[in-house]
Amino acid sequence: MFLDLGMGELVAIAVLAAVLLGPEKVPEMARKAGRVIGFLRGVANNATDQIKAELGPEIADLHLEDLNVADLKPKNLVARALPDDVPSEVASLRAQLDAMQADVSRLRAETGKLVEDGK
């Protein structure tokens with residue numbers, strides 16, 4: 001359901017609206033709310049279409065949920081756009097960087113020992 005509202009919540013909102021606004025204004029407000037929701041959906045759809053057009057055909061299966069900021073997983077969107085062999089290349093580079101980091105740590109330790117011994 002829209003905005004994760006269940007039927008009970010919608011009924012409660014309708015009853016509250018009828019009490020606060022009066023029964024004659026509720027249909028008018030419901031129409032306005034429907035127009036606003038329709039407008040917002042149109043804006044969201046246009047934004048999604050624009051993003052798809054800008055990113056190109058590689059991201060043809062883009063969904064608005066992929067851009068959800070709450071998930072904070074833009075790497076998933078990027079990973080879908082990359083060729084299939086890129087993850088293996090990234091793993092290879094990561095292994096090389098780890099080996100280099102180990103070498104740097106070893107050299108720092110050896111250099112520290114030489115400095116201490118020279119004092």
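The values are calculated or read from the model by the stated rules, or taken from the named source; none is laboratory data. This one's a predicted model, so the numbers in the text were calculated from it and none came from an experiment. Heads up, the Cβs are rebuilt from the backbone with ideal geometry, glycines too, and the neighbour counts pull from every protein chain shown.
One line per residue, one yes/no per condition, for (1) at pLDDT below 80; (2) in a loop (DSSP other than H, G, I, E, B):
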| residue | (1), (2) |
| --- | --- |
| GLU9 | no, no |
| ALA30 | no, no |
| ILE37 | no, no |
| LYS52 | yes, no |
| VAL69 | yes, yes |
| LEU77 | yes, no |
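Given the criteria among the small types (Gly, Ala, Ser), at pLDDT 80 or above and at positive phi, does GLY22 qualify? In short, yes. Of everything listed in (1) at pLDDT 75 or above; (2) out of contact with any Phe, Trp or Tyr (no Cβ under 9 Å at 6 or more places or on another chain); (3) among the aliphatic types (A, V, I, L, M), the single unmet condition for ALA81 is (1).
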